[in-house]
Each structure stands twice: as structure tokens, then as C-alpha cells.
Amino acid sequence: MSTVKEIEAAIRALPPQEREKLVEDLPAILPEMNSDAAWERIITDPRPRPALMTLGDEIEAQLKTNPQRFSEIQDSDFDQRP
């Protein structure tokens with residue numbers, strides 16, 4: 001059995017309270033699970049992204065041409081829908 005399989009089996013064997021604690025501790029144990037850190041790496045990545053820049057330029061041009069096309073976001077836009 002591999003180490004990963006042994007860890008998976010051990011996690012499955014934990015009582016619910018211990019599993020909940022593990023979920024809370026995982027970002028510290030596995031920093032790559034920290035979504036904020038992942039986004040920070042993406043944002044600060046210096047590699048050029050021509051397709052993304054083109055898309056951003058197109059959206060900016062559309063916004064200047066027709067700002068009404070882009071409605072303001074409301075808090076209710078984030079309400080869960082059934």
C-alpha cells in the first residue's frame with residue numbers, strides 16, 4: 001500500500017470531530033490548498049497572457065462604447081437560487 005493510500009485510509013477512519021479539525025488545519029498543512037495563495041500566484045505571475053489582455057481590451061472598449069450594457073452588480077445577484 002502506498003503512503004497516500006495509507007493516509008487516505010487513516011483519514012477515513014477518523015471520527016467526525018477529528019475530520020472537521022483536519023479540514024480546518026489542511027490549508028496550513030497543504031499550502032497549495034489555500035485558494036488565496038493560489039490566486040496571488042496567478043495575479044503576480046509575470047508571464048504574458050495575450051488572449052486575456054485582448055479580452056480585457058475588448059471589454060473595456062465595449063464599456064466605453066455602451067456602458068448601459070454592463071449593469072451594476074447588486075447584492076441580490078449573489079442570492080442563492082432554488
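The values are calculated or read from the model by the stated rules, or taken from the named source; none is laboratory data. If you're wondering where the values come from, they're calculated on a predicted model, not measured in any experiment. With ideal geometry, Cβ positions are generated from the backbone for all residues, glycine too; neighbour counts draw on all protein chains shown.
Does segment 29-40 hold any residues that are over 17 Å from I7 (Cα atoms) and exposed (fewer than 10 other Cβ atoms within 10 Å of the Cβ), and which are they?
Matches in segment 29-40: E32, S35, D36.
Can you tell me which residue among I73, I43 is in a loop (DSSP other than H, G, I, E, B) and of a type in the set (V, I, T)? Please lay out each step first, then the result.
On the way: I43 fails: in a loop (DSSP other than H, G, I, E, B).
After ruling out the rest, the residue left standing is I73.
Which ones in segment 25-51 are modelled with pLDDT of 90 or more and under 23 Å from A9 (Cα atoms)?
Listed by number, the list holds a single entry, D25.
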